[in-house]
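Accompanying notes for the structure given below.
The values are calculated or read from the model by the stated rules, or taken from the named source; none is laboratory data. Quantities reported herein were computed from a predicted structural model and do not represent experimental measurements. Cβ placement follows ideal geometry from the backbone for every residue including glycine, while neighbour counts extend to all protein chains displayed.
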């Protein structure tokens, strides 16, 4: 499978966004993996995935930083690298829009469209652990600004961060997602849902495709599909899986072992196919 980087003209990017949104309305959920560089994007594309998403934590990890430690310019340059790596639509993790005001969010979405992204997510996390989630009115204004900047040519995912930051309130989470829907978001996302009944509640109470983060010990892909999830993502998990393999390989070498060659053989074969 040989992939061609896209041409980032206005028409082609708008078409890519439309095709990306269509993928949320299939008979089965869109499984969207999160590469962290051009090589991992091409490897994942070669396996048959139909779209890709960036990961803020995975990208930060490649820079030796924790999640949240990347600037807007860095995130957009990284997104451009992922966009150019394959012919697949790419959605970017745009954190909280890299600013508190609606104007900040709008500027981020405008710039994201400019690098050829088919979509991206805006979260309602403030960055302040003391008050982690924006007041609902402010959060809705931020989503509305993102929608206006998207101009119908960018698939906007609105994220409610309650569950990741200690706000275990499903009612508030659903009401926020409903408000984001009314503000014009195309896809809704509440990372941290671990009970299948809660996923079903979210899906039942909104009228937009719902993305669900696949979690260790949480519902399976099949269970999420049955619950009505339209898109399933893995966040930074693939990056951490790769980091774990690297750590294991390093420990093995320090111990004088060569167990890592089995994984290396798989990687070498996959890279030869993906990078041809």
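Inspection of the range 262-275 finds a residue satisfying the criterion of being over 30 Å from residue 165 (Cα atoms), touching a helix residue (DSSP H, G or I) at 6+ places or on another chain (Cβ under 6 Å) and surrounded by 17 or more Cβ atoms within 10 Å (Cβ to Cβ). Checked against (1) crowded, with 18+ Cβ neighbours inside 10 Å; (2) in contact with a strand residue (DSSP E or B) (Cβ under 8 Å, 6 or more places away or on another chain), residue 165 passes all but a single condition, namely (1). Every test in (1) outside any loop (DSSP other than H, G, I, E, B); (2) under 16 Å from the mean Cα position of the chain (by Cα) is passed by residue 98 save one, and that test is (1).
Which is in a loop (DSSP other than H, G, I, E, B) and more than 22 Å from residue 167 (Cα to Cα), of 131, 145, 112, 87? Let's see the steps before the verdict.
Values: 131 fails: more than 22 Å from residue 167 (Cα to Cα); 145 fails: in a loop (DSSP other than H, G, I, E, B); 112 fails: in a loop (DSSP other than H, G, I, E, B).
Just a single option satisfies the conditions, and that option is 87.
Can you confirm whether the range 195-205 contains a residue that is assigned to a helix (DSSP H, G or I) and surrounded by fewer than 12 Cβ atoms within 10 Å (Cβ to Cβ)? So far as the range 195-205 goes, yes, one or more of its residues are assigned to a helix (DSSP H, G or I) and surrounded by fewer than 12 Cβ atoms within 10 Å (Cβ to Cβ).
State which residue is surrounded by the most Cβ atoms within 10 Å (Cβ to Cβ) when the search covers only the range 210-248 and only residues that are touching a helix residue (DSSP H, G or I) at 6+ places or on another chain (Cβ under 7 Å), in contact (Cβ under 8 Å) with a residue 40 or more places away in the chain and assigned to a loop (DSSP other than H, G, I, E, B). Only one residue tops the list, namely 229.
Can you tell me which condition residue 152 does not meet? The list is (1) touching a strand residue (DSSP E or B) at 6+ places or on another chain (Cβ under 6 Å); (2) surrounded by fewer than 18 Cβ atoms within 10 Å (Cβ to Cβ), and all the others hold. The one condition residue 152 does not meet is (1).
Scanning the range 264-276 for residues that are over 25 Å from the mean Cα position of the chain (by Cα) and assigned to a loop (DSSP other than H, G, I, E, B) returns a single hit, 276.
Could you list all residues from the range 138-151 that are closer than 15 Å to residue 120 by Cβ and free of Cβ contacts under 8 Å to residues at least 40 places away in the same chain? Break it down stepwise before answering.
Of the residues in the range 138-151, the ones closer than 15 Å to residue 120 by Cβ are 142-143, 145-151.
Within the range 138-151, 147, 151 qualify.
Considering (1) part of a loop (DSSP other than H, G, I, E, B); (2) at pLDDT 95 or above; (3) within 26 Å of residue 238 (Cα to Cα), the lone condition that residue 92 does not fulfil carries the number (1). Residues that are free of Cβ contacts under 8 Å to residues at least 40 places away in the same chain and buried (at least 16 other Cβ atoms within 10 Å of the Cβ) were ranked within the range 121-132; the one that is farthest from the chain's Cα centre (by Cα) is 132. The residues in the range 249-263 that are more than 27 Å from the chain's Cα centre (by Cα) and assigned to a helix (DSSP H, G or I) can be counted, and the count is 8. Looking across the range 45-58 at every residue that is without any contact (Cβ under 8 Å) to a residue 40 or more places away in the chain and buried (at least 21 other Cβ atoms within 10 Å of the Cβ), the one that is nearest to residue 241 (Cα to Cα) is identified as 54. Look at (1) modelled with pLDDT of 95 or more; (2) crowded, with 17+ Cβ neighbours inside 10 Å; (3) in a helix (DSSP H, G or I) and you find that residue 13 fails only one, number (1).
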